[in-house]
Amino acid sequence: MSSDTTGDGEVMPVGSADQHRALAHPMRHRILFALERPATVSGLAAALRTNKGNVAHHLKVLADAGLVRPAGTRTVRGGTEQYYARAARALHYTGPGAAGTTTAAFQAMGEEIAADPDPLLVLRHLRLTEEQVRELAATLTALTRDTPDAGDGAARYGLLVGLYRAPGPHS
């Protein structure tokens, strides 16, 4: 999700086999996308248009891998609902399982993008110096971090920003 490893606690490295296994399923990424703020199993099931049992199962896998955490409770109709939150604002995939985790994340994003009748998608390849790469990465990171959220009354949008070394000739 992010390669910004600033050490400020907002980015969690994902490198263990258990974490990569937990992120091998696109639904788990969709749950993480939906957890911009704490939510319950019921709230997530409604937002993701799936059943509560499915969400509860995937949340348990994510929690066991340390990727989500309990974030409070509330009493509803004589019962108690547990809220869950992401363990970090962003994830940095590392290690041997990173390719499979990235593939599952892109599959989950693809499902979201396919549901939008008019998405904006841009792919451009550039030849950049290392200094340009550092400057562009800082600019993109600031853009994603500093764009204000308009709140609950506004439509929800996904923002996918990436900078990666493309395969092919590097002249």
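The values are calculated or read from the model by the stated rules, or taken from the named source; none is laboratory data. If you're wondering where the values come from, they're calculated on a predicted model, not measured in any experiment. FYI the Cβ positions are ideal-geometry reconstructions off the backbone, even for glycines, and counts take in every protein chain you see.
Structure data summary
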{"item": "Top-ranked residue in the range 37-75 [being of a type in the set (D, E, K, R) and in contact with a strand residue (DSSP E or B) (Cβ under 8 Å, 6 or more places away or on another chain); ranked as farthest from GLU10 (Cα to Cα)]", "result": "ARG74"}
{"item": "Filtered residues of the range 114-125 (kept if among the basic types (Lys, Arg) and either in contact with a Pro (Cβ under 9 Å, 6 or more places away or on another chain) or not in a loop (DSSP other than H, G, I, E, B) (or both))", "result": "none"}
{"item": "Hey, TYR84 modelled with pLDDT of 95 or more, aromatic (Phe, Trp, Tyr) and either in contact with a His (Cβ under 8 Å, 6 or more places away or on another chain) or under 24 Å from LEU160 (Cβ atoms) (or both) or not", "result": "yes"}
{"item": "Residue match in the range 64-71 (condition: surrounded by 13 or more Cβ atoms within 10 Å (Cβ to Cβ) and under 13 Å from the mean Cα position of the chain (by Cα))", "result": "yes"}
{"item": "Where a residue in the range 1-23 is under 23 Å from ARG37 (Cβ atoms) and of a type outside the set (Gly, Ala, Ser) and its partner, wherever it lies, is part of a loop (DSSP other than H, G, I, E, B) and at pLDDT below 50, with Cβ under 6 Å and at least six apart", "result": "VAL11/SER2; VAL11/ASP4; VAL11/THR5"}
{"item": "Candidate set: the range 94-120, residues that are of a type in the set (A, V, I, L, M) and surrounded by 13 or more Cβ atoms within 10 Å (Cβ to Cβ); chosen: the one farthest from ASP18 (Cα to Cα)", "result": "ILE113"}
{"item": "Any chance VAL55 is over 15 Å from the mean Cα position of the chain (by Cα), aliphatic (A, V, I, L, M) and surrounded by 15 or more Cβ atoms within 10 Å (Cβ to Cβ)", "result": "yes"}
{"item": "Filtered residue count, the range 68-113, keeping only those that are part of a helix (DSSP H, G or I) and touching a residue at least 40 places away in the same chain (Cβ under 8 Å)", "result": "11"}
{"item": "Single residue of GLU10, GLU36 found to be surrounded by fewer than 19 Cβ atoms within 10 Å (Cβ to Cβ), within 30 Å of LEU136 (Cα to Cα) and in contact with a Lys or Arg (Cβ under 7 Å, 6 or more places away or on another chain)", "result": "GLU10"}
{"item": "Meets criteria (of a type outside the set (Asp, Glu), out of contact with any helix residue (DSSP H, G or I) (no Cβ under 6 Å at 6 or more places or on another chain) and more than 21 Å from HIS20 (Cβ to Cβ)) for LEU123", "result": "yes"}
{"item": "Residue, surrounded by the fewest Cβ atoms within 10 Å (Cβ to Cβ), within the range 14-33, restricted to residues that are closer than 19 Å to ALA115 by Cβ and among the aliphatic types (A, V, I, L, M)", "result": "MET27"}
{"item": "Condition check for GLU131: farther than 21 Å from ILE31 by Cβ, surrounded by fewer than 10 Cβ atoms within 10 Å (Cβ to Cβ) and either free of Cβ contacts under 8 Å to residues at least 40 places away in the same chain or not hydrophobic (A, V, I, L, M, F, W, C) (or both)", "result": "yes"}
{"item": "Checking LEU44 against (1) loosely packed, with under 15 Cβ neighbours inside 10 Å; (2) farther than 29 Å from LEU163 by Cα; (3) of a type outside the set (Gly, Ala, Ser), the condition it does not meet", "result": "(1)"}
